[in-house]
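A short write-up of the structure that comes next.
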Amino acid sequence: MVDTHCHLDFCEPPDGELVERALAAGVTRVATVGTDGPSIGRALATARERAEVVAIVGRHPHETEGFGQADLEEIERAAADPQVRAIGETGLDYYRDRAPRDDQLRAFEAQLELAARLGLPVAIHTRAAEDDTFALLREHSGALAAVILHCFSAPDRLEECVERGYLCSFAGNVTYPKAAELQEAARRVPAELLLVETDSPYLSPQPLRGKPNEPANVVHTARHMAELRGVPYEELERSIEANAARVLRW
């Protein structure tokens, strides 16, 4: 199994120990995400040190206040590293509104354009902003290598996602008892568009809910997904590993 989206630098204990625990649980690859300048640096450092880790670099919508050319150039310099496999997480968050919406939109569009120019996939964060997020994706996705909807949360837009070939990455919240709509979406996503993640240290799966999440726990979410889809765990594992290898070049 693979964890296609986590934040190792926000987790405890140190990155190396987390990776070893993931390997022991059967997780072979981990993508760690840098969300601002310092976080990007930490993600790159871990990816350079550990063969099992790759990096995703970008500016989280919460970190976009005053976003400008220098910020975009910082992301582009980081993306030149061969260990960087996608731009993100980028997108829009109108739920917290920790950055002005105009800044979020400017940063999002700039990162979409950068990903298209570099030929990299883009990892998308969207919360309470689906109309604007999906409108910008419709405008730009034709030029993108791939779109990954991180922590998939738009079951009402599943048909559009499938039609446009967006990858849907499910996190631990799909295991929660009240997540009926999300679980139904997880059943219906075509196997070739399916990914799984932890978003560590957030969104621990139900058996570990209330505790900090970590990459090893992606196995709990994947087993729940296999049950939802009515397929053997090994079959789901093969599909997800193949999708991740195709999109993130593992």
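The values are calculated or read from the model by the stated rules, or taken from the named source; none is laboratory data. A quick note: this is a predicted structure, and the numbers were derived from the prediction, not measured. A quick note on method: Cβ atoms are made from the backbone with ideal geometry, for glycine too, and the neighbour counts reach across all protein chains shown.
Those residues that are touching a residue at least 60 places away in the same chain (Cβ under 8 Å) and outside any strand (DSSP E or B), I need them from the range 55-64; list them, please.
G58, H60, P61 - these are the residues of the range 55-64 that are touching a residue at least 60 places away in the same chain (Cβ under 8 Å) and outside any strand (DSSP E or B).
Counting only residues that are among the hydrophobic types (A, V, I, L, M, F, W, C) and touching a residue at least 40 places away in the same chain (Cβ under 8 Å), which one in the range 212-228 is farthest from L18 (Cα to Cα)?
Ranking the qualifying residues of the range 212-228, first place goes to L228.
Being without any contact (Cβ under 8 Å) to a residue 40 or more places away in the chain, within 19 Å of the chain's Cα centre (by Cα) and surrounded by fewer than 20 Cβ atoms within 10 Å (Cβ to Cβ) narrows it down to one of D15, D36, so name that one.
Every option except D36 fails the conditions.
I'm trying to understand the selection: among the residues of the range 99-119, which are among the basic types (K, R) and loosely packed, with under 15 Cβ neighbours inside 10 Å?
R117
Among L23, L18, L92, which is over 27 Å from L137 (Cβ atoms), modelled with pLDDT of 95 or more and in contact with an Asp or Glu (Cβ under 6 Å, 6 or more places away or on another chain)?
After ruling out the rest, the residue left standing is L18.
Out of the residues in the range 65-98 meeting the condition of being of a type in the set (G, A, S), outside any helix (DSSP H, G or I) and free of Cβ contacts under 8 Å to residues at least 12 places away in the same chain, tell me which one is surrounded by the most Cβ atoms within 10 Å (Cβ to Cβ).
It comes out as G68.
Examine the range 98-116 for a residue that is more than 17 Å from the chain's Cα centre (by Cα) and at pLDDT below 95, and state whether such a residue exists.
For the range 98-116, residues more than 17 Å from the chain's Cα centre (by Cα) and at pLDDT below 95: present.
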